[in-house]
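First the structure, in the form of structure tokens, and then the observations on it.
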Amino acid sequence: NYSAEATAMFRDSNMPLFALGARFMDGVTRLFQGDYVTAKDELKLAVEGYDPAFHPLSVQAFGDDLGTFSLTYLQWISAIQGDFVEATTLNAEAMRIASGLKDKAIDTRNLAYAMSGAQFVEAYDMTLTLAEQVVALSTELCYPHWAAVGRFGRGWAKCHLSGEADGVEDMQSSLAFFDQLGQRTPLSSFYTGYADAMIKIGHYEEAREIAERGLSLIHI
């Protein structure tokens, strides 16, 4: 487990940015392994060790601001666990810190994760509102990855709110984007949401096939 090795190596480091990076890596790894307790512990330690002054070096070293990213993953875990109050609080804190960073990429990512959190707790109206914002902002800033994430959330919410297939095209275009890109990380979750939406609109056989596709991706 490289993340655990990195965490152990930098646990007592006098280089706080590297310690933060190790904690973040271990927390995210644990999250995707389904170990939410350890993931939260590690991500909280990452947040505790963060200073907004790290932002330029964090982006240079890791490609993102790991302090706000730790907060967005923490709100994601809270939403998965059904604690929308805590998720909202964590997202607000991430947004507050990000407002001082003046980095549009961070703003877009935070907004997309807030949308995903609303999805997890089946807040359909909020998901749709946030999804529209994600699509608009990421289109304006030319972030096709986040635009695809936003389209998926928008399509999912539309299917649930209308009970009709008017959101299917958005979900399909989002999945096609990630398939073409070759990025597997979000696809099992997206296929789960896609199957859920198909059940909502009464397309049960398609839902079964989509769910099986999602399950197959877990083992890739």
How large a share of the accessible area of the chain, in percent, is made up of carbon and sulfur atoms when the probe is 1.4 Å and the other protein chains stay in place?
56 percent
When Rg is the radius of gyration of the Cα atoms in the range 110-220 and Rh is its Kirkwood radius, what does Rg/Rh come to?
0.95
Taking the Cα atoms of the chain, report the difference between the largest and smallest coordinate on each principal axis, in whole Å and largest first.
57, 36, 34
What does the charge dipole of the range 1-127 about its Cα centre add up to, to the nearest 20 debye, if the Cβ of each Lys and Arg holds +1 and the Cβ of each Asp and Glu holds -1?
200 debye
In degrees, nearest ten, helix 16-32 long axis to first principal axis of the chain (Cα):
30 degrees
Hey, what do the phi angles of the range 112-128 turn into as Karplus ³J(HN,Hα) couplings, whole Hz, using 6.51/-1.76/1.60 and θ = phi - 60°, x for Gly and Pro?
5, 6, 5, 4, 4, x, 5, 4, 4, 9, 6, 8, 5, 4, 5, 4, 5
Cα-based convex hull, the range 101-154, per residue volume (Å³, whole number):
60 Å³
If R0 is 41 Å, what FRET efficiency do you get for Ile199 and Glu5 from their C-beta distance, rounded to 0.05?
0.45
Residue-wise, which Karplus ³J(HN,Hα) couplings in Hz belong to the range 46-51, taking 6.51 cos²θ - 1.76 cosθ + 1.60, θ = phi - 60°, and x for glycine or proline?
4, 5, 4, x, 8, 9
Could you state how much accessible area Leu181 has, in square angstrom rounded to the nearest 10, with a 1.4 Å probe and all protein chains kept in place?
100 Å²
Specify the residue with the greatest mean-square fluctuation among Arg184, Arg23, Arg151, computed from a Gaussian network of the chain linking alpha-carbon atoms under 10 Å apart.
Arg184
To the nearest 10 square angstrom, what accessible area does Thr72 show with a 1.4 Å probe?
0 Å²
If the chain between Arg213 and Ala165 were fully extended at 0.36 nm per residue, the gain over the current Cα-Cα distance would be 15.3 nm
The set of residues whose placed amide H lies less than 5 Å from the amide H of Asp83, leaving out same-chain residues fewer than 5 positions away, is none
If I histogram all Cα-Cα distances within the range 18-133 using bins 10 Å wide from 0, what percent of pairs lands in each bin?
15, 48, 32, 5
HN-Hα J couplings of the range 145-154 from phi, Karplus 6.51/-1.76/1.60, θ = phi - 60°, integer Hz, Gly and Pro as x?
4, 6, 4, 5, 4, x, 4, 5, x, 5
Set the Förster distance to 35 Å, then compute FRET efficiency between Thr89 and Thr192 from the Cβ-Cβ distance, nearest 0.05.
0.85
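The values are calculated or read from the model by the stated rules, or taken from the named source; none is laboratory data. Values in this document were obtained by computation on a predicted structure and should not be read as measured data. Positions of Cβ are backbone-derived with ideal geometry, glycine not excepted, and every protein chain shown enters the neighbour counts. Surface accessibility is based on the protein's heavy atoms, side chains included, excluding ligands, DNA and RNA. Shrake-Rupley method; radii C 1.70, N 1.55, O 1.52, S 1.80 Å.
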